[in-house]
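Let me begin by presenting the structure, written as structure tokens, before commenting on it.
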Amino acid sequence: MLDRLRLARFRNHVETRLDGTARFNLLVGENGAGKTNVLEAISLLAPGRGLRRAALGEMAGSGGDGSFAVSAELATPAGPMRLGTGTTADRPGRRQVQINGAEASATALGQWLGLFWLTPAMDRLFVDSPGARRRFLDRMVAALDPAHAAHAARAEAALRERNRLLADPVAPDPRWLDAIEGQLAEAGAALARGRARLVERLGAMLAQLPAAPFARPDLAYQPGGPLEAPALAQALAEGRPRERAAGRSLTGPHRDELLVTMAGKGQPAALCSTGEQKAMLIALTLAHCALDPDPARPRLLLLDEVAAHLDPLRRAALFERLRDGPGQVWITGTEPAPFAEITAEAAGWRVIDGRVSAL
């Protein structure tokens, strides 16, 4: 688990140190105090842009030199590990990563730490665009398989180039389209298969859960094209006339959709109540964390304001599931009262204007 955390010049945290962590870790404070900033800092210890998907320049604290640093010590079966990430004043737009003091890539972070999170910004997932659900799927896949992020990047680059060629008034060279479509088919099929496997595994995990007190989601994956590279390449080639008329690609993983219904009611998640949607998101997040097959890789579950809209019965059920889960938990809230059931077994800090003190 995460033993120690250090933040320097990160958003409103000038210098923050968190020691003495536990299985449950509570961050309590008023809105805007800097609780979510701590969770965001932790989320940067994984590949990707963190739980806010913010630009690096937004993370550096105001009044500093434009740099920031986040470091953590982990306790693993293989021994202690030190992870760090941040930027320097001379290169504020370039993220740097260190693992045990040696420079590394951000992708390499995924080999040492599994990070899973749920934030209020995700509450609109079921009523948001299909693109938002695809990004949600890709983040979940990449948390278990860091190579997925590379497939996504290659597919996106090839798709942009193909769309540029399709929209050009001058007909592109078919050989150039063949090459681009080959790249898109290879990366896109790998991307789609990763999404499909995750939905299948999540569905099997969720099917084992009771229908109450949390609403349980039923998942279905709707691919936007074939899942095998040769078939996808053929579909792209055959679709050129129609897609040149449209000026964009109409087949491929960028058209995938995650379909979610509430188990027992058969009602689309988008039409469920806010409370039911929140409960399904919680169920999805906990099932995702439980999927990680690597016992040597510490798992951290970041829950931002998760108890705010839960009644006492569902809060108690959530804490029980978290106790039975495999990961260390970090939770934020505006006051300690909703967490009374776990206070005795938790490490806690009060956050005020970016300053942290023990509860």
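The values are calculated or read from the model by the stated rules, or taken from the named source; none is laboratory data. Every value quoted in this text rests on a predicted model; they were computed, and no experiment measured them. Cβ coordinates were reconstructed from backbone atoms using ideal geometry, including for glycine residues, and neighbour counts include every protein chain displayed.
Return the pairs, sorted by first residue and then second, in which the second residue is at pLDDT 85 or above, the first residue lies in the stretch 285-313 and is at positive phi, the beta carbons are less than 7 Å apart, and the residues are 6+ apart or on different chains.
From the stretch 285-313, the pairs are Glu305/Pro120; Glu305/Thr332; Glu305/Gly333.
In the stretch 203-220, what residues are assigned to a helix (DSSP H, G or I) and either under 21 Å from the mean Cα position of the chain (by Cα) or hydroxyl-bearing (Ser, Thr, Tyr) (or both)?
We begin by selecting, within the stretch 203-220, every residue assigned to a helix (DSSP H, G or I); these are 203-207.
Gly203, Ala204, Met205, Leu206 - these are the residues of the stretch 203-220 that are assigned to a helix (DSSP H, G or I) and either under 21 Å from the mean Cα position of the chain (by Cα) or hydroxyl-bearing (Ser, Thr, Tyr) (or both).
Starting from the stretch 326-352, keep only residues that are touching a residue at least 40 places away in the same chain (Cβ under 8 Å), then list their pairs with residues that are part of a loop (DSSP other than H, G, I, E, B) and of a type in the set (Val, Ile, Thr) whose Cβ atoms are within a distance under 6 Å, requiring at least 6 positions of separation or different chains.
If the second residue must be part of a loop (DSSP other than H, G, I, E, B) and of a type in the set (Val, Ile, Thr), the pairs left are Ala347/Thr21.
For the stretch 199-225, what are the residues that are surrounded by 15 or more Cβ atoms within 10 Å (Cβ to Cβ), within 14 Å of Glu257 (Cβ to Cβ) and touching a Leu at 6+ places or on another chain (Cβ under 8 Å)?
Answer for the stretch 199-225, where residues must be surrounded by 15 or more Cβ atoms within 10 Å (Cβ to Cβ), within 14 Å of Glu257 (Cβ to Cβ) and touching a Leu at 6+ places or on another chain (Cβ under 8 Å): Val199, Leu219, Tyr221, Gly225.
Kindly provide the set of residues from the stretch 187-240 that are over 27 Å from Ala269 (Cβ atoms) and hydrophobic (A, V, I, L, M, F, W, C), ordered by number.
Restricting attention to the stretch 187-240, the residues satisfying the condition of being over 27 Å from Ala269 (Cβ atoms) are 187, 189-190, 228-240.
Those that are over 27 Å from Ala269 (Cβ atoms) and hydrophobic (A, V, I, L, M, F, W, C): Ala187, Ala189, Ala190, Ala229, Ala231, Leu232, Ala233, Ala235, Leu236, Ala237.
Tell me the residue from Arg160, Arg195 that is closer than 28 Å to Pro326 by Cα and part of a helix (DSSP H, G or I), please.
Values: Arg160 fails: closer than 28 Å to Pro326 by Cα.
One residue alone meets the criteria, Arg195.
What number of residues within the stretch 4-63 satisfy the criterion of being among the charged types (D, E, K, R) and assigned to a loop (DSSP other than H, G, I, E, B)? Outline the logic, then answer.
Narrowing the stretch 4-63 to residues among the charged types (D, E, K, R): 4, 6, 9, 11, 15, 17, 19, 23, 30, 35, 40, 49, 52-53, 58.
Those left that are additionally assigned to a loop (DSSP other than H, G, I, E, B): 11, 19, 23, 30, 49, 52-53.
The qualifying residues number 7.
Any residue in the stretch 32-44 that is at positive phi sitting within a Cβ distance under 7 Å of a residue that is not in a loop (DSSP other than H, G, I, E, B)? List the pairs, counting only those 6 or more apart or interchain.
Gly34/His13; Gly34/Val351
This table checks each residue for (1) at pLDDT 95 or above; (2) within 24 Å of Ala149 (Cα to Cα).
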position	(1), (2)
Phe10	yes, no
Val14	yes, no
Gly29	yes, no
Leu51	no, yes
Asp65	no, no
Leu83	yes, yes
Gln98	yes, yes
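Criterion first (under 25 Å from Ala237 (Cβ atoms), at pLDDT below 95 and either surrounded by 21 or more Cβ atoms within 10 Å (Cβ to Cβ) or small (Gly, Ala, Ser) (or both)) does Ala153 satisfy it?
On the way: under 25 Å from Ala237 (Cβ atoms): yes; at pLDDT below 95: yes; either surrounded by 21 or more Cβ atoms within 10 Å (Cβ to Cβ) or small (Gly, Ala, Ser) (or both): yes.
Answer is yes for this residue.
Find the residue count for the stretch 335-359, including only residues that are of a type outside the set (Gly, Ala, Ser) and either under 18 Å from Met1 (Cα atoms) or touching a strand residue (DSSP E or B) at 6+ places or on another chain (Cβ under 7 Å) (or both).
Here is the first cut: in the stretch 335-359, the ones of a type outside the set (Gly, Ala, Ser) are 335-336, 338-339, 341-343, 345, 349-353, 355-356, 359.
If we keep only those that are either under 18 Å from Met1 (Cα atoms) or touching a strand residue (DSSP E or B) at 6+ places or on another chain (Cβ under 7 Å) (or both) as well, we get 335-336, 339, 342, 345, 349-351, 356, 359.
Residues flagged as of a type outside the set (Gly, Ala, Ser) and either under 18 Å from Met1 (Cα atoms) or touching a strand residue (DSSP E or B) at 6+ places or on another chain (Cβ under 7 Å) (or both) within the stretch 335-359 amount to 10.
Do the conditions hold for Thr274, that is, is it closer than 20 Å to Ala132 by Cα, touching a residue at least 12 places away in the same chain (Cβ under 8 Å) and exposed (fewer than 14 other Cβ atoms within 10 Å of the Cβ)? Let's see the steps before the verdict.
Values: closer than 20 Å to Ala132 by Cα: yes; touching a residue at least 12 places away in the same chain (Cβ under 8 Å): yes; exposed (fewer than 14 other Cβ atoms within 10 Å of the Cβ): yes.
Here the answer is yes, as Thr274 does meet what is asked.
Taking Leu109 as the residue in question, decide whether it is surrounded by 16 or more Cβ atoms within 10 Å (Cβ to Cβ) and within 30 Å of Val260 (Cα to Cα). Spell out how you get there, then give the answer.
Numbers: surrounded by 16 or more Cβ atoms within 10 Å (Cβ to Cβ): yes; within 30 Å of Val260 (Cα to Cα): no.
So Leu109 does not fit the description; no.
Can you name the residue in the stretch 253-296 that is among the β-branched types (Val, Ile, Thr) and in contact with a helix residue (DSSP H, G or I) (Cβ under 8 Å, 6 or more places away or on another chain) and is also nearest to Leu137 (Cα to Cα) among such residues? I'd like the intermediate steps shown before the answer.
Taking the stretch 253-296 as the starting set, the residues that turn out to be among the β-branched types (Val, Ile, Thr) are 260-261, 274, 282, 285.
Okay, now just the ones that are also in contact with a helix residue (DSSP H, G or I) (Cβ under 8 Å, 6 or more places away or on another chain), so 260-261, 274, 282.
Numbers: Val260: 12, Thr261: 16, Thr274: 21, Ile282: 15 Å.
Applying the filter and picking the extreme gives Val260.
Could you tell me whether the stretch 64-84 includes any residue that is among the hydroxyl-bearing types (Ser, Thr, Tyr), assigned to a loop (DSSP other than H, G, I, E, B) and touching a residue at least 12 places away in the same chain (Cβ under 8 Å)? Spell out how you get there, then give the answer.
The first filter runs over the stretch 64-84 and keeps only residues among the hydroxyl-bearing types (Ser, Thr, Tyr), leaving 67, 71, 76.
Retained after the next criterion (residues that are assigned to a loop (DSSP other than H, G, I, E, B)): 67.
Subsequent filtering for residues that are touching a residue at least 12 places away in the same chain (Cβ under 8 Å) retains 67.
Taking every residue of the stretch 64-84 in turn, at least one turns out to be among the hydroxyl-bearing types (Ser, Thr, Tyr), assigned to a loop (DSSP other than H, G, I, E, B) and touching a residue at least 12 places away in the same chain (Cβ under 8 Å).
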